[in-house]
1. Ignoring ligands, DNA and RNA, what percent of the 1.4 Å accessible area of segment 264-374 is carbon and sulfur?
2. Could you go through segment 221-232 in sequence order and give the Karplus-derived ³J(HN,Hα) for each residue, using 6.51 cos²θ - 1.76 cosθ + 1.60 with θ = phi - 60°, rounded to whole Hz, and x for Gly and Pro?
3. For segment 31-104, what does the relative contact order come out to in percent, with C-alpha contacts under 8 Å and a separation of six or more?
4. Can you list which of the GluC sites (Glu not before Pro) found in segment 290-374 are DSSP loop residues with at most 10 other C-beta atoms within 10 Å?
5. Find how much the distance from Lys110 to Arg320 grows on full extension, using 0.36 nm per residue of separation minus their present alpha carbon separation; answer in nm with one decimal.
6. May I ask you to work out the translational diffusion coefficient for segment 279-369 at 25 °C, viscosity 0.890 mPa s, via Stokes-Einstein with Rh from the Kirkwood sum over Cα pairs, reported in whole µm²/s?
7. Please give the FRET efficiency for Tyr9 paired with Tyr225, using the beta carbon to beta carbon distance and R0 = 35 Å, rounded to the nearest 0.05.
8. Per residue of the chain, what 222 nm ellipticity follows from adding -39500 (n - 2.57) for every DSSP H run with n ≥ 4, rounded to the nearest 500?
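The values are calculated or read from the model by the stated rules, or taken from the named source; none is laboratory data. All of these numbers come straight from a predicted model, not from anything done at the bench. Every residue, glycine as well, gets a Cβ built from its backbone with ideal geometry; the counts of neighbours run over all protein chains shown. In case anyone asks, the SASA skips ligands and DNA or RNA and just uses the protein heavy atoms, side chains included. Shrake-Rupley method; radii C 1.70, N 1.55, O 1.52, S 1.80 Å.
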Amino acid sequence: MKMNFLEPYLLEDFKQVISDNEDFLILEYGNNNGKNKLNCVFSARDWIQVVVNSIPSIDLKHKNPDVLSLNMVQFIGAIDLLVESVQQIHRVLNNDKNYPLLKDNTTFRKSISDDDYFSHIRAAFGTHPVNLVSKNGIKSKKRYFASWSSSSGNGIFSVHLYSNDPNEKDEELTIDCKDLISYCQKRYEHLTGLINIIIKQATQFKSEQSKILITKKETPLEQLYILRAENKKRFGDDGYKCEIEELIELYGAPKNFNFPNVIINNYLDQIRPCIDEIFENLQSMCIVDLMIYPSPRYNYTPNLSKHSYYIQKIYEHIIRSDYWHQRDMIPSYIEVLKENDILPDFVTIDLDKRDLRLILNAILYNEGAKIANG
């Protein structure tokens, strides 16, 4: 009996579509009517991976009958875990419990649905065999108790069912693992439908948002405030959030310092196209690498790279609110950069962080650091 019956490529496709549309999924399901439904999807995805990768290791031919019986419990439990995971993902994406195979009974060919009959198999073969409410999947007032499972070969397993009714004869419940595999495969293959649902929902959302025109403003700071709000609506905490926040700090810096305006203004003029590019990309709902980034790349600029450690520490002081544990070292780093004519003499640790970032960015750019991508 072939145990690697779940094709890994389908799971990989599902994981990839989640990754490709993560911004949309977080926005849509991260807080859906006050509930983080995306965590359910992530949990289900991970457990499906566990099942797909582990089922081939379950030995249903073990010579020890006790071990074999327990392995059968594990096999059925793994199928149950995969099926419930697929059902949960369907419920999240469709806000609907009625997934397509809900009433299907073509696998076990019983009067009840395959899901209901599988629940009976699961109970009798291991999850609670000593407290059964049915002998055939249809609830009764009697109680039944199952023996351990045994195999007659060729993937055929059975248990004996004993009733609490003294007048009722024992019955044998038999299951063919081929039917269990078919039942599992059908539900696993529903991932293809779930992939299509995610793509359809994300595509529709992008189309709708791209038709909503973003307001144009004359001044950079006003425009950036608009872009921050639009980025939040369209991409949540992703998209261009970090770049927009940095640009707001640069254009909103109070400029409480005496420094040549030509250096500051030249730098701000050079990064201005970044705002326009973010505007266009948000409007078209297309998050791609920008042609220009506000943070100068200095590591490959000869006169700056040798001081990269100190520059990086200053940036960490600017950006990170939790950098207090190294705050005592910042004045010495500033002094090193002053001594090497990178920072002006008036700069101290008490300078507004927005002004410090603006001055440092402008000086690095003026000294040859790159802002263009590539």
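1. It is 49 percent, rounded to a whole number.
2. 5, 4, 5, 5, 5, 5, 5, 4, 5, 5, 4, 4
3. That works out to 37 percent.
4. Taking segment 290-374 and a limit of 10 other Cβ atoms within 10 Å, no loop GluC sites (Glu not before Pro) are found.
5. Gain on extension, Lys110 to Arg320, equals 69.3 nm.
6. Calculated translational D: 170 µm²/s.
7. 0.15
8. Per the formula, -17000 deg cm²/dmol.
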